[in-house]
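Read the figures in this text as sums done on the coordinates, not as results from a lab. No experiment lies behind these values; they were computed from the predicted model shown. Cβ placement follows ideal geometry from the backbone for every residue including glycine, while neighbour counts extend to all protein chains displayed.
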Ligand SMILES: O=C(O)CC1=CCC(=O)O1
């Protein structure tokens, strides 16, 4: 198991592929850990160095008590890249991972050669919705939000045969304080001005059936970013790397080709 002590927390990460290969860093969504990319990775071209990590308060990474912000989470990603002596990576962020990627590109532009913002936006959800969710989790735990969360994450077809079961368990087993801290970070985040100033290749991806960040919201962020490309995966909900891994990987691969990473 690999960990790096970054910004006063131990971050758990995985590092696959040739050390000198073009590097791609993946950042997970709220309530998931780095296994969320397991099904997608075999569909990527060979020769890439693939870094995945658990953000603070999720998976096997440490949680630092108290609030955190998207900028702090982006600084964690930057710290991990510097720990690995990596720069000019392609960064792929899913949902809150996409917010982290936007902040990372804005604050640490030297580290990012290209950005994939998947199922994410510059601002996600109403502040009150996040406060209501935090209050419910404090009162009744993460299991109390699991049902509606699966409906936002996955299409009816995926859920119909119980394929959401392991992902429900992954959500329920996240550290409650870490999940709540990330809800607060999302509630506080508004990166609309920051993304309009980005000057790097960006690919934005939506899931046609996404119940958390619907295509109209995701496309709104693509429209703010100069020259960003936008694609929709039909049949995918909020987590296409689980539900439609080949289609998700194909869009990421085309982007990696576009930026000369493969
Ligand atoms: O509501 C959800 O669980 C979906 C989501 C919003 C931000 C994120 O990372 O996941």
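Test of understanding: what is the full-extension gain from residue 161 to residue 20, defined as 0.36 nm times their sequence separation minus their Cα-Cα distance?
Numbers: separation 141, 0.36 × 141 = 50.76 nm, distance 4.14 nm.
Gain on extension, residue 161 to residue 20, equals 46.6 nm.
Given in Å, the Rg to one decimal and the Dmax to the nearest whole number for the Cα atoms of the range 142-237 are 15.7, 44.
Between residue 223 and residue 144, what length comes free when the chain is fully extended (0.36 nm per residue of separation minus the Cα-Cα distance, one decimal in nm)?
Numbers: separation 79, 0.36 × 79 = 28.44 nm, distance 3.56 nm.
Stretched out fully, the residue 223 to residue 144 stretch lengthens by 24.9 nm.
Placing R0 at 30 angstrom, the Cβ-Cβ distance between residue 254 and residue 152 gives a FRET efficiency of 0.65 after rounding to 0.05.
Which FRET efficiency value, to the nearest 0.05, do you get for residue 86 and residue 39 by plugging their Cβ-Cβ distance into 1/(1 + (r/R0)^6) with R0 = 25 Å? Display every interim value, and only then the final one.
On the way: r = 24 Å, r/R0 = 0.97.
With a Förster radius of 25 Å, E is 0.55.
Each label point was placed 7 Å from the Cα along the Cα-to-Cβ direction; for residue 8 and residue 199 their separation is 3.5 nm. Springs between alpha-carbon pairs under 10 angstrom, Gaussian network model over the chain: which of 97, 147, 47 fluctuates most? Checking each option, the largest mean-square fluctuation is seen for 147. Spatially, the range 198-241 and the range 141-181 are offset by 22 Å when compared through their Cα centroids. Among 44, 60, 256, 2, what is the fewest-to-most ranking by other Cβ atoms within 10 Å? Lowest count first: 2, 60, 44, 256. Applying 0.36 nm per residue to the separation of residue 46 and residue 131 and subtracting their alpha-carbon distance, the gain on full extension is 26.3 nm. Relative to one another, the C-alpha centroids of the range 67-133 and the range 22-40 are positioned 13 Å apart.
Panel order for 150, 170, by other beta carbons found within 10 Å of each beta carbon, from fewest to most: 170, 150.
Which shape class, rounded, prolate or oblate, goes with the chain when its Cα gyration tensor gives a ≥ b ≥ c as root eigenvalues, a/c under 1.5 marks rounded, and past that a/b bigger than b/c marks prolate? Cα axes put the chain in the rounded bin.
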